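This report refers to the structure that appears directly beneath it.
The values are calculated or read from the model by the stated rules, or taken from the named source; none is laboratory data. Everything numeric in this text was worked out from a predicted model, so none of it was measured. With ideal geometry, Cβ positions are generated from the backbone for all residues, glycine too; neighbour counts draw on all protein chains shown. When the accessible area is computed, the model is the full protein with side chains, heavy atoms only, and any ligands, DNA or RNA have been set aside. Shrake-Rupley method; radii C 1.70, N 1.55, O 1.52, S 1.80 Å.
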Amino acid sequence: MKLATLAEVNAERAARRPIIVITDTASGEQRAVKAADFAGDPLHAELDKHLRMGKSGMIEVDGKKLFLNVYAPTAKLVIIGAVHISQALAPLARSLGYDVTVVDPRTAFASPERFPDVNVVAEWPDVALPPLKVDHYTAFVAVTHDPKVDDPALLHAFERDCFYIGALGSRKTHAKRGDRLKAQGISDAQFARIHAPIGLNIGAVSPSEIAVAIMAEITATLRLPKERAA
Amino acid sequence: MLDRDEDILKAAEDWQKAGHGVALATVVETWGSAPRPAGSNLVINDDGTFLGSVSGGCVEGAVVTEALDVISSGTPKMLEFGVADETAWNVGLSCGGTIRVFVEKVG
């Protein structure tokens with residue numbers, strides 16, 4: 001690998017942007033393609049697929065065996081609301097490989113005792129969120145039921161273009177949320193990105209089942225081709 | 001794979017910039033119950049220091065030896081380890097899998 005290629009891979013990794021290194025294992029010929037350049041690449045379908053699956057592997061193109069090494073950032077999950085659902089959601093997400101942070105300004109809720117081994121921030125979203133460096137590789141879930149907490153957090157999630165944004169609440173609650181967020185400049189298209197009611201419809205009843213529904217929906221958004229994602 | 005490894009690629013870059021000969025070994029194919037998935041990296045420098053893992057410890061010794069060779073020759077190599085291979089058995093890939101490891105020089 002050329003030093004310049006290695007330096008480019010490291011720079012993209014440090015910036016939490018995906019990059020794929022393509023190596024012809026017979027000749028040693030090699031190139032790196034940043035996610036932003038996939039669309040114009042002759043191998044774009046293969047690159048898209050491997051990045052979506054987060055999986056490195058061999059492909060064969062015109063009789064050549066090429067190895068695609070996928071460097072994708074670790075996905076984060078930010079949970080707004082240290083509620084009962086979050087207590088089930090945080091460990092589940094961690095077992096799926098996410099870096100999890102729970103944010104809730106209510107110190108009685110956001111306590112380490114309720115969330116062992118989870119990064120818990122007992123601050124309002126305007127203080128808690130900027131240091132978390134929320135980015136595209138972040139799933140963002142608002143479950144406090146309290147507009148004072150959820151709304152500013154959701155505005156931050158839109159600004160950072162999170163790959164998944166979900167919010168707890170019935171259709172009626174969600175419609176009211178729409179009125180409030182649009183009054184703050186969120187477009188219809190942005191608002192339509194919020195998954196609400198949150199989670200795949202699996203008939204979830206308990207907090208743990210709702211956590212499963214949420215992680216299933218996040219997984220589908222991460223792994224399925226865009227047109228098929230829930 | 002998700003990028004949860006310690007930052008071994010950064011170490012490889014730093015070693016190279018500090019004037020070391022450096023090789024990068026990557027698992028490119030696996031069959032059976034291979035301990036580390038395709039894409040896993042091991043980086044090696046010319047004094048034999050290595051970081052990362054291609055097999056969870058089974059064949060690293062053999063990969064490091066080959067990597068030193070690649071550092072001096074500059075020519076990449078494809079290595080294969082599996083239980084059917086007497087040498088591989090000796091170095092200990094006993095989990096029943098087979099892996100193919102691509103070793104290349106950095107720089």
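Normalised by the number of residues in chain A, the average gap of Cα pairs under 8 Å and 6 or more apart makes the relative contact order 15 percent. Using a probe of 1.4 Å, the accessible surface attributed to A:Lys182 totals some 90 Å² when neighbouring protein chains are kept in position. Accessible area ranking (1.4 Å probe, heavy atoms, ligands and nucleic acids excluded), largest first, for A:Ser95, A:Ser86: A:Ser95, A:Ser86.
Starting from the Cα gyration tensor of the stretch A:94-230, take the square roots of the eigenvalues, sort them a ≥ b ≥ c, and report rounded, prolate or oblate (rounded when a/c is under 1.5, otherwise prolate if a/b is larger than b/c, else oblate). Since a/c stays below 1.5, the shape of the stretch A:94-230 is classed as rounded.
For the pair the stretch A:171-188 and the stretch B:13-77, the centres of their Cα atoms are 53 angstrom apart. Packing, taken as the mean count of other beta carbons within 10 Å per residue, orders the peptides A:60-66, A:121-127 from highest to lowest as A:121-127, A:60-66. Counting only DSSP H runs of at least 4 residues, each contributing -39500 (n - 2.57), and dividing by the residue count of the protein assembly as shown, the helix-based mean residue ellipticity at 222 nm comes to -10500 deg cm²/dmol. Taken about its Cα centre, the stretch B:8-106 carries a charge dipole of roughly 240 debye when the Cβ of each Lys and Arg holds +1 and the Cβ of each Asp and Glu holds -1.
Lys-Lys pairs in chain A that are eight or more residues apart or on separate chains and whose Cα atoms lie under 21 Å of each other come to 23. Only protein atoms count toward the accessible area here, which uses a 1.4 Å probe; on chain A, the carbon and sulfur part of that area reaches 55 percent.
Axis angle, to the nearest 10 degrees, between helix A:44-53 and the longest C-alpha principal axis of chain A: 50 degrees.
The dipole here belongs to the protein assembly as shown: it is taken about the Cα centre, uses +1 on the Cβ of Lys and Arg and -1 on the Cβ of Asp and Glu, and is about 1260 debye.
Among A:21-27, B:31-37, sorting by the average number of other beta carbon atoms lying within 10 angstrom of each residue, highest first, gives A:21-27, B:31-37.
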